[in-house]
Amino acid sequence: MSARHLRWVTAVLIVAGLVASGCKSEGRKPKPPPSPTPQTGGAATASAPSDKSSKELALEGFLSETKLEGKATLIEFGLVGCELSEKGLDAMIALQKAAAIPGLEFLRVEANPDAPAVASYFREKAPPFPVHMDAQSPLAKSLGATAYPTFMLVDKFGHVRYRGRYPADDVVTWGKALAAESQDPGSSVPLFGAKTIDVASLLATCHPVLGGEPKPLGQFKGEGGLVLLFVDTKCPFSAIALAEMPGVAKTLAQQKVAAVIVNNDDSQEKVTSFYAKKPPGAPVLYDVGSATREQWNVQSVPIAVYLTPSGKIAYQGEAVWAKLATAIESSQGLAGGTIKFSTTGTGFG
């Protein structure tokens, strides 16, 4: 790590903040990088009303703070102590050192709040790009990137063009495409690698059921629809959602919404042993590999999915029960607050 980057990391270990910025218009050329005056923390600046989402505004503020406006950037939201985060960082370091994608910037967003451990880690790793501290994860939460690691490709116009696991097979192609763009594609441009979920086919697919015979997923659907909770036995955030699932399933049943747990990436023996010790409160379907998770485009766990009675996806996101309740109420035409969970779930995963 250069002396400049080491001083930068040390500074953000002491002061880290998110500065909101004004709005951008669509269909324009990339905005020039802002002035080099550092901005670390402070109150949000006043701006005209905007129809942008909170995530879009948070991203604009972050890009302004880190001097990445107008630049195509690969960002890793990682966590010191996480093996996959370390592998992702190594891959980014290798990409930049090889100059494999001219014009693409790199940035690590670090969530571990242990400042001495983080400083020691990055002194040893010496990444040739900045590290932005995000202790307690306020930025990651605002951008929906609390699964570590989460990688984002952001184009020159401030749009997220990819979010998910490290795209090893496609990162060079996608990065070069973003670096070459000269016109704003708009905020509705499809994400790289986006998949269409064939719900009807997946509902007809049989899955092994813990303690029972394999069944098509659709047979679990209730009159009010079906909630799927994607988990695995290793993730501590999955453990939070699973511990609350018995109560969640009972509340859902009041609206005739069924619930199932979909466990991925664990052997049958591990699944059997794990749930014998932790009664799940809902049927457990399992896949010893990752095919089911990939077919549902689940990038991390825990993730909750709500299917309407007609088999449409009305919610796919964090296992935050209040958000799930709102989606079900809206889908079924229920008054807000009809579904009340006694637990909160988790926005991490």
Using a Cα-Cα cut-off of under 16 Å, which aspartates and glutamates could be cross-linked to LYS125, ignoring same-chain neighbours fewer than 8 residues away? GLU76, GLU83, GLU86, ASP90, GLU110
Ordered by packing density, taken as the mean number of other Cβ atoms within 10 Å over each peptide's residues, highest first, how do 324-335, 302-313 rank? 302-313, 324-335
Rounded to whole angstroms and listed largest first, the alpha-carbon spread of segment 199-346 along its three principal axes comes to 43, 31, 26
Long pairs among LYS55/LYS312; LYS215/LYS312; LYS55/LYS97; LYS278/LYS323, criterion Cα-Cα beyond 28 Å: LYS55/LYS97
Among THR150, THR233, which comes first, then next, by fewest other beta-carbon atoms within 10 Å? THR233, THR150
If the chain between LYS215 and ARG123 were fully stretched, how many nm would it gain, using 0.36 nm times the residue separation less the Cα-Cα distance? 27.9 nm
So, over other residues within a Cβ distance under 13 Å of LEU203, counting Lys, Arg +1 and Asp, Glu -1, the net charge is +2
Cut-off under 5 Å, modelled amide H: who pairs with VAL109 long-range: GLU76, PHE77, GLY78, HIS132
How do LYS221, LYS87 line up, fewest other C-beta atoms within 10 Å first? LYS87, LYS221
Net charge contributed by nearby residues that have their C-beta within less than 13 Å of PRO149 (K/R +1, D/E -1): -2
Under a plain spin-label model, where a point goes 7 Å from the Cα along Cα-to-Cβ, how far apart in nm are THR343 and LYS256? 2.6 nm
Using the beta-carbon distance between THR173 and ALA276 and R0 = 30 Å, what value does 1/(1 + (r/R0)^6) give for FRET efficiency, to the nearest 0.05? 0.10
Compare the peptides 61-74, 104-117 by average per-residue count of other Cβ atoms within 10 angstrom and give them in order, highest first. 61-74, 104-117
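Using the beta-carbon distance between ALA98 and GLU294 and R0 = 41 Å, what value does 1/(1 + (r/R0)^6) give for FRET efficiency, to the nearest 0.05?
Result of the calculation: an efficiency of 0.90.
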When GLU213, GLU60 are ordered from fewest to most other Cβ atoms inside 10 Å of their Cβ, what list results? GLU213, GLU60
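All of the numbers you see were taken from the coordinates with simple rules; none came from a lab. If you're wondering where the values come from, they're calculated on a predicted model, not measured in any experiment. As a convention, Cβ positions derive from the backbone with ideal geometry for all residues, glycine included, and neighbour counts pool all protein chains shown.
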